[in-house]
1. I'd like the full set of residues that are open to solvent by less than 80 Å² (accessible area, probe 1.4 Å), of a type in the set (Ser, Thr, Tyr) and in a loop (DSSP other than H, G, I, E, B), limited to region 32-61.
2. Pairs under 8 Å by beta carbon, first residue in contact (Cβ under 8 Å) with a residue 12 or more places away in the chain in region 50-66, partner open to solvent by 60 Å² or more (accessible area, probe 1.4 Å), six or more apart or different chains?
3. Show the residue pairs meeting these rules: Cβ distance below 9 Å; 6+ apart or different chains; first residue within region 20-44 and within 21 Å of Gly85 (Cα to Cα); second residue modelled with pLDDT under 80 and among the hydroxyl-bearing types (Ser, Thr, Tyr).
Amino acid sequence: KRRTQQTRNIEIMQGVDIQFIPQDVLESSEHERASNLGVVKALNSLPDRQREAIYLRYYNSLTTREIAEVMGAANQTILNTLHQGLKRIRQDESLRKLLQ
């Protein structure tokens, strides 16, 4: 039943340009709000495939195999895509300054 619902959600999402918003991340203090805004900007600066893979992995809790099926790619390709996306986020200069 869960897989059927995920499949429906994924079918609806295909072709949708994913954009993150600050409300996607919990906020509590001014510093955390600034950090969260930096994370949102870093996420939105990613190439579409990386952004889509991160969204499916961390917001829809899909496994890499499920993401590979949805995106029509090999599992290793998805692992590489996720790694590259997370690496780009970690290396984002504006985000690094906020977190110091």
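The values are calculated or read from the model by the stated rules, or taken from the named source; none is laboratory data. Computed from a prediction, not measured in an experiment: that's the story for all the values here. Here the Cβ is made from the backbone with ideal geometry for all residues, glycine too, and neighbour counts use every protein chain on show. Please note that ligands, DNA and RNA were not included when accessible areas were found on the heavy atoms of the full protein model with its side chains. Shrake-Rupley method; radii C 1.70, N 1.55, O 1.52, S 1.80 Å.
1. If the condition is that a residue be open to solvent by less than 80 Å² (accessible area, probe 1.4 Å), of a type in the set (Ser, Thr, Tyr) and in a loop (DSSP other than H, G, I, E, B), then Ser45, Ser61 are the ones that fit.
2. From region 50-66, the pairs are Gln50/Gln84; Gln50/Arg88; Tyr59/Asp24; Asn60/Asn9; Thr64/Arg57; Thr64/Leu79.
3. That search, which allows pairs on different chains as well, returns Val25/Ser35; Gly38/Ser94; Lys41/Ser94; Ala42/Ser94.
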